[in-house]
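What follows draws every value from the coordinates through simple rules; no lab data is involved. Worth saying up front: this structure is predicted, and the values here are computed from it rather than measured. Here Cβ is always computed from backbone atoms with ideal geometry, including for glycine, and neighbour counts include all displayed protein chains.
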């Protein structure tokens, strides 16, 4: 075997070793941030606020402050009753209720919802008033509010209890 062939083989082996090292490092970083049981990556990130295309700023909201409603899989709450217009920030099933917070299971992963004295609770059917005691683990809810804390926590303004 000539020296040139040996150099080509050594260069190929070196390249493969570098590629495997980079892949291993990337996997380690991903597992370190998300754990082994994390769902697939999403545009929203592991609990971040909704973002526009290519991870940019969230889409602009129309006057009135609520995003347009009616996307596929997202109920649109409109004029019937006393419900907020537009689309809620998060929809999911209650995982747990503790003091002034609710942990919600969503398609994007668990979300922390913070409740204040000003938070209103309503039922989807007719917009009737409800109370926080009506919210139990497993209850499907939609939450309207503002993200804070770097987009990880949602301060609830209105919680709508959805039909089972």
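Key figures
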item	result
Size-normalised alpha-carbon gyration radius of segment 77-161, reference 2.2 N^0.38 Å	0.99
Förster-model FRET efficiency, 35 Å R0, residue 30 and residue 4, C-beta, rounded to 0.05	0.35
Computed FRET value (nearest 0.05) for residue 152 with residue 123, which takes r as the C-beta separation and R₀ as 25 Å	0.35
